[in-house]
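The values are calculated or read from the model by the stated rules, or taken from the named source; none is laboratory data. This is a predicted model, so every value here is computed, not measured. Neighbour counts run over all protein chains shown; Cβ positions are idealised from the backbone, glycine included. Note: areas computed on protein heavy atoms with side chains; ligands, DNA, RNA excluded. Shrake-Rupley method; radii C 1.70, N 1.55, O 1.52, S 1.80 Å.
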Amino acid sequence: MSLTHGVGEFFALDIGTHALRLVQLSGSARTGWTLQRFAYVPVDKATVQDSSDAGKRKLGEVVMKAVQQAGIRTRNVAVGMPAGKTYTTIIEVPNQDAKGVEKIIKYELDQYIPMAVEDAKVDFAVLGPSPNDPTKAEVLLSSVAVAFAEEKMEMLESFGLNVVAQEPDQIAMARALAPPGATDGRMIIDYGETATDLVVTYGGVPRLVRTIPGGLSVLVKTTANYLSVKEDQARQFILKFGLAQDKLDGQVFKALDSTLENFASELSKSVRFFQTKYPQIKVGGIILSGFAGTIPFMSEYIEAKTSVSTSQGNPWQLVRVTADQQQALSQVASEFAVAIGLAERMNNK
């Protein structure tokens, strides 16, 4: 796993529950990014979750068709690692040089990760001095099971791709969505199909990383049961009418209010936890992405429940796109946060 290193020319691959997203950018964080190639390919959930040899082969074939569809020529790929398969946290260690920090983590690693050290693949990045204690440094630490990381790598490399980086989805999406130049803390949320990734950033780096169980699929099932309709229809209602109380007699809102109130409560808990750890830093806003950025009136609901200014995020905020590209992406643009974040990794070339 490589959290921060440059990797030369590459494309980004986000394997989601229901779709593959590929992005290749040119440029840099300093000069700005330009979208070169992209693809969005729906994929069956069963295909993504099938760990058999046949299943991995089928998924690999879908990936390669997407690469061909996008017109991508490089075989170097940076791939996202789902939050459910990774463990990411921020720790504090005494201020040391890079070798000193590495030594501390090496000898104390079993205290920081929830798996046997010999079974884990671990990487870290020093974030800088702790805002609370200048004698300590904050370190972003991420781990993944060796078996899972190698399985993903072998599957992609069997089709001729070269995996140059594997990065947790939360870190990638925060890179794409964090507002440039923000001087306060910002909570960034990517509301997915089965779970929600949450990162609070300050000073341009993550300071709190967590995953909240439950995503759009939970809302769909809840609405389907409440309205006695099929799940496909419930999904359409949610994405079309959202939490509008003047549509369908407010039935979707009524169906989801309790579930979303619990979700908003988790966001408020995260805000309080962050501000307990960093009492001098205010969380100045919540940024929504994924399905939370497309469900009508979701931002208004969360702002009312958390008392924190909430807005829809734009993962394309630093990327130049043509009018034709924008039109092609119009229905799915908000789903690209992880792919864009991966593509915006520091580039050596």
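Run down Phe11, Phe38 and say which single residue is of a type in the set (Phe, Trp, Tyr), farther than 30 Å from Gln111 by Cβ, in contact with a Ser or Thr (Cβ under 8 Å, 6 or more places away or on another chain) and crowded, with 18+ Cβ neighbours inside 10 Å.
Phe11
What do you reckon, is Phe297 closer than 16 Å to Leu219 by Cβ and either modelled with pLDDT of 95 or more or open to solvent by 20 Å² or more (accessible area, probe 1.4 Å) (or both)?
On the way: closer than 16 Å to Leu219 by Cβ: yes; either modelled with pLDDT of 95 or more or open to solvent by 20 Å² or more (accessible area, probe 1.4 Å) (or both): yes.
Judged against the criteria, Phe297 is a match.
For segment 130-227, list the strands (runs of 3 or more DSSP E) that sit wholly inside it and hold at least 2 residues that are more than 21 Å from Gly341 (Cα to Cα); which are they?
Qualifying strands (runs of 3 or more DSSP E): 136-145.
Taking the options Val163, Val199, name whichever one is in contact with a strand residue (DSSP E or B) (Cβ under 7 Å, 6 or more places away or on another chain), open to solvent by less than 30 Å² (accessible area, probe 1.4 Å) and over 20 Å from Ala264 (Cα atoms).
Val163
Of the numbered conditions (1) open to solvent by 50 Å² or more (accessible area, probe 1.4 Å); (2) under 15 Å from Thr201 (Cα atoms); (3) of a type in the set (A, V, I, L, M, F, W, C), Phe274 satisfies every one except a single condition; which is it?
The number of the failed condition is (1).
Within segment 93-111, count every residue that is open to solvent by 40 Å² or more (accessible area, probe 1.4 Å) and not in a helix (DSSP H, G or I).
So the count comes out to 4.
Provide a single number: the residues in segment 303-349 that are touching a residue at least 24 places away in the same chain (Cβ under 8 Å), open to solvent by 70 Å² or more (accessible area, probe 1.4 Å), of a type in the set (A, V, I, L, M) and more than 17 Å from Arg37 (Cα to Cα).
Result for segment 303-349: 1.
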